[in-house]
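One structure below.
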2 protein chains.
Amino acid sequence: MSQKYATRAEDYSKWYNDLISRADLAEHSDVKGMMVIKPYGYAIWENMRDILDAKFKETGHQNAYFPLFIPKSYLSKEASHVDGFAKECAVVTHYRLKNDPNGGGVIVDPDAKLEEELIVRPTSETIIWNSYKKWIQSYRDLPILINQWANVVRWEMKTRLFLRTSEFLWQEGHTAHATKEEAIRETEQMLDVYAEFAEKYMAMPVIKGHKTESERFAGADDTYCIEAMMQDGKALQAGTSHFLGQNFAKAFEVKFSDAQGKQEYVWATSWGVSTRLMGALIMTHSDDEGLVVPPLLAPIQVVIVPIYRTDEELQLINEAVAKISDELKELKVKVKYDSDDQKRPGWKFAEYEAKGVPVRIAIGPRDLANGVVEIARRDTKEKYAMNIENIGDSVVKLLSEIQENLLKKAQQFRLDNMHEVDTYEEFKTQLEKKSGFYLAHWDGTKETEARIKEETKATIRCIPIDIPSGPGKCMVTGAPSKGRVVFAKAY
Amino acid sequence: MSQKYATRAEDYSKWYNDLISRADLAEHSDVKGMMVIKPYGYAIWENMRDILDAKFKETGHQNAYFPLFIPKSYLSKEASHVDGFAKECAVVTHYRLKNDPNGGGVIVDPDAKLEEELIVRPTSETIIWNSYKKWIQSYRDLPILINQWANVVRWEMKTRLFLRTSEFLWQEGHTAHATKEEAIRETEQMLDVYAEFAEKYMAMPVIKGHKTESERFAGADDTYCIEAMMQDGKALQAGTSHFLGQNFAKAFEVKFSDAQGKQEYVWATSWGVSTRLMGALIMTHSDDEGLVVPPLLAPIQVVIVPIYRTDEELQLINEAVAKISDELKELKVKVKYDSDDQKRPGWKFAEYEAKGVPVRIAIGPRDLANGVVEIARRDTKEKYAMNIENIGDSVVKLLSEIQENLLKKAQQFRLDNMHEVDTYEEFKTQLEKKSGFYLAHWDGTKETEARIKEETKATIRCIPIDIPSGPGKCMVTGAPSKGRVVFAKAY
């Protein structure tokens, strides 16, 4: 660990990249824009996935799997959808390679050209609604509540690990309903599931809101989102839930007969979160020493490191650790004992700090003699002695304190960096000085939105749902505004 | 359920397709060769995946994720690998679509041609070993024990749901070791994990063995497999575990320095099972009434159907069912109560029979008065009364009996359809009469193997590990044979 890593203050962007490497979460592959998610990073993602999957099932959804490839013509069926997604995508044009007759290795076989090109799914609305067409005839077939865990590809020229990669992992829910009201309720329910997951498990406070028309999902009537604040004050869209109206039902001619036998178009929603959440997690809690993982998502919640000089000392420690580990495992605490004798304690301390393990326990012979261990909290960096007696309960309590503390800290940070501004001058000056969330009045027009974006690089992150504010006047044009919206620079 | 479905005797192949549709497991998509895995089918696959994933972790493996796309040149690095996999694959040549200036919708943008074509992974050895090259320097970096759950694409002209599709879901383990012995132990360990999973959870007996050289994985020094017998007597390869020697290490120049500082090539394994297991599961147990799912893999283990005429009767039944359900859930039994009043009991019976739910409980007012319910076993079709008192324990016992019975039945079927044959004439006559596994001597040459395949369509499924037989003479050439091998027609 002798390498010099960037601090957040020195170079926030380099700090982020260094951290992913130090914590061994992921790396760039040799395939442009695509990442390798390494075991430790994947283990955190698996924890997120399993928790979300359970929430989806609790709310009545089932998983299914649809094809990776979408015929090019499907994308065109929903007019705004094709504009949003057809631009940068991976196109499969051939289905065979062959040996180069001139000895140049393998080449694409020109005789194996597809009649219609296939697109590697950037999102699955079109392929799924093409199936729903066959599945839905009557109101009895509704609702359809399906989720898919999958990989998707959106060609990106400028990529950043987890935040923007050409391939990413995600889940996409796709539901079909008999009424507009039910579809809107579903859209809002899933937004709540995401918000609760973000706060309760990721310890990341989020603002729920609506996207403006120009920031909407291509093909949606309304896009709801959760927006989180990163430590550099920038916003990160952490999840979206779309009310799709009847757009895809019309594009794919999906009608159902209602209880009175009348034919109606089906109402739709879609909603998703992705491996981008890993980037959000990193930038919400981590510090200059490395990653900080909230206990509820940590692959290792407690690491135990022995401190010894002789084999006799080690043996005594091993015996004590066996008991402590058993006690912790009994309480479902994920504990790891690192007794690797090739590495020094100091090296291990730095390693698990970089990996964000919430609690470190160090045990030496003197501790044992006193019936205690040394606890180090990753979040506050406090160190103190803890009694071995009842250590299981003490650690469980500590983990839950750490989880709470991380959320509180993030809430406080957001509070400190969220301001109301009333004039465009004030907005620009403040934003220049310090990135953050700015609550300001806006006249509701695309023109003003675009102007602000061009002049300040800040966008409207959302029209917030839970931040009530009375009407006012647009900070730019002075025209009437229904309420303040959230402006920020964003990832 | 008035539609006429094919029986196994009438048309085995149509029976299989009908069953997948009746049980609502999957369907063909409009994308050639690619399937949609529907929620009920996916739920069974999820159960398989979760059990296997736990076994992989118990044996020290971690999950990770590698890119979907493989640069064309990587495939060529391992000479036999490219011959095996480069032939039929999806090739990405462009990364952008654009609006047709002539108004023909979206077209491939000719300016967005990739410098090097990308192949959608048919298997990930090459992309993974390209990463391992960066990860491995010293013996301290070994072993690497990684698994990936992913989708893969192998272009298929003739497809069958679950058995052969252009895209399928699978897991692929990729491990790296310091010694040949350790890599072979890993290969064998994972074969054992697969065999145990097949027998214990799928209730599907398998023969463990080695593939002949001509049936080996492209790039392997030795391919181990498990072979199962389907109800039509044909073999299905249910999983493979490959000892890759140093082939990929050499192709990607992956060396490590051993404890003495000497540079050595790394030893490798890979192993996988796929959604093909769904096909194996279907064809091992199901009958003319539909799917039969072993209890340990069933998304619904017990379905309860109320039989009533009046609302008062239904209310009494509802109360009894609430208690029974609680008792069953307490014991982790997956129970569903189908009280849908739009469907008649007879319709429900047929529906859950088609879906292979292991135990059906019907409850009417007279049953309640007698303190019993009516049990119907999916496997034996027996029906009998069961006391409501202690019903939880009785059902748990019954589920475990059903699980055992399915395995025994499948074992007996295999026993009845596996024969030793000594002459080629006998082999051909018997095989003509009845498909099955034929244990016969073979001289070990590719020529004889190819001749038998051409003349009878039977292939050597494996050189079995656990079916001891002394040496003998090849049934075709009379040349010496080390032991009997398993011949069969195969999926």
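Observations
- Complete set of residues in region A:57-70 that are outside any strand (DSSP E or B) and within 7 Å of chain B (Cβ to nearest Cβ): A:64, A:66, A:67, A:68
- Every condition in (1) part of a helix (DSSP H, G or I); (2) charged (D, E, K, R); (3) not assigned by TED's automatic domain parsing to the domain that holds residue A:121 is met by residue A:4 except one, and the failing one is (1).
- Selection status of residue A:83, modelled with pLDDT of 95 or more and either in contact with a strand residue (DSSP E or B) (Cβ under 9 Å, 6 or more places away or on another chain) or assigned by TED's automatic domain parsing to the domain that holds residue A:194 (or both): no
- The numbered conditions (1) more than 27 Å from residue A:73 (Cβ to Cβ); (2) surrounded by fewer than 21 Cβ atoms within 10 Å (Cβ to Cβ); (3) at pLDDT below 95; (4) within 14 Å of chain A (Cβ to nearest Cβ) are all true for residue B:78 except (2).
- Qualifying position, being in the same structural domain as residue B:354 (by TED's automatic domain parsing), closer than 21 Å to residue B:329 by Cα and not basic (Lys, Arg), among B:406, B:398: B:398
- Test: residue in region A:191-209 that is more than 10 Å from chain B (Cβ to nearest Cβ), crowded, with 19+ Cβ neighbours inside 10 Å and more than 30 Å from residue A:283 (Cβ to Cβ): no
- Reported count of residues in region A:155-179, each being modelled with pLDDT under 95 and under 22 Å from residue A:72 (Cα atoms), is 3.
Condition check ((1) buried (at least 19 other Cβ atoms within 10 Å of the Cβ); (2) at pLDDT below 95; (3) more than 22 Å from residue A:289 (Cα to Cα)) across all residues:
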position: A:314; (1), (2), (3): no, no, yes
position: A:331; (1), (2), (3): no, no, yes
position: A:335; (1), (2), (3): yes, no, no
position: A:341; (1), (2), (3): no, yes, yes
position: A:345; (1), (2), (3): no, no, no
position: A:352; (1), (2), (3): yes, no, no
position: A:371; (1), (2), (3): no, no, yes
position: A:376; (1), (2), (3): yes, no, no
position: A:382; (1), (2), (3): no, no, no
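- Selection status of residue B:88, out of contact with any Gly (no Cβ under 7 Å at 6 or more places or on another chain) and more than 9 Å from chain A (Cβ to nearest Cβ): no
- Number of the exception - residue A:134 against (1) within 11 Å of chain B (Cβ to nearest Cβ); (2) surrounded by fewer than 20 Cβ atoms within 10 Å (Cβ to Cβ); (3) in contact (Cβ under 8 Å) with a residue 12 or more places away in the chain; (4) among the basic types (Lys, Arg): (3)
- Selection count, region B:171-182, where residues are in contact with a Gly (Cβ under 8 Å, 6 or more places away or on another chain) and closer than 14 Å to residue B:256 by Cβ: 1
- Scanning region A:329-345 for residues being within 29 Å of the chain's Cα centre (by Cα), free of Cβ contacts under 8 Å to residues at least 60 places away in the same chain and not in a strand (DSSP E or B) gives a total of 3.
- With respect to the conditions (1) modelled with pLDDT of 95 or more; (2) at negative phi, residue B:356 falls short on a single one, namely (2).
- Counting only strands (runs of 3 or more DSSP E) that sit wholly inside region A:211-308, those with at least 1 residues that are outside the structural domain of residue A:373 (by TED's automatic domain parsing) are A:222-229, A:235-245, A:255-257, A:263-265, A:267-274.
- The listed residues are B:240, B:275, and the only one of them that is modelled with pLDDT of 95 or more, touching a Gly at 6+ places or on another chain (Cβ under 7 Å) and within 17 Å of residue B:122 (Cβ to Cβ) turns out to be B:240.
- Residues of region A:96-130 that turn out to be surrounded by 24 or more Cβ atoms within 10 Å (Cβ to Cβ), at pLDDT 95 or above and at the interface with another protein chain (Cβ under 9 Å from one of its Cβ atoms), as a count: 6
- Failed item, numbered, when residue A:156 is tested on (1) part of a strand (DSSP E or B); (2) farther than 28 Å from residue A:262 by Cα; (3) within 12 Å of another protein chain (Cβ to nearest Cβ): (1)
- With respect to (1) within 17 Å of the chain's Cα centre (by Cα); (2) farther than 18 Å from residue B:412 by Cα, the lone exception for residue B:235 is condition (2).
- Residue check for residue A:171: away from chain B (no Cβ under 11 Å), outside any loop (DSSP other than H, G, I, E, B) and out of contact with any Lys or Arg (no Cβ under 6 Å at 6 or more places or on another chain): yes
- Residue that is farther than 30 Å from residue B:156 by Cβ and among the basic types (Lys, Arg), where the choices are A:77, A:57, A:32: A:57
- The single residue among B:8, B:22, B:49 that is in contact with a strand residue (DSSP E or B) (Cβ under 9 Å, 6 or more places away or on another chain), among the basic types (Lys, Arg), surrounded by 16 or more Cβ atoms within 10 Å (Cβ to Cβ) and closer than 25 Å to residue B:120 by Cα turns out to be B:49.
- Of the criteria (1) within 10 Å of chain B (Cβ to nearest Cβ); (2) farther than 23 Å from residue B:67 by Cβ; (3) free of Cβ contacts under 8 Å to residues at least 40 places away in the same chain, which one residue A:54 fails: (1)
- As for region B:346-361, it holds at least one residue that is of a type in the set (Phe, Trp, Tyr) and touching a residue at least 60 places away in the same chain (Cβ under 8 Å).
- If you go through region B:1-45 and keep only what is within 14 Å of chain A (Cβ to nearest Cβ) and over 21 Å from the mean Cα position of the chain (by Cα), you end up with B:30, B:31, B:32.
The values are calculated or read from the model by the stated rules, or taken from the named source; none is laboratory data. This one's a predicted model, so the numbers in the text were calculated from it and none came from an experiment. Backbone-built Cβ (ideal geometry, glycine too); neighbour counts: all protein chains shown.
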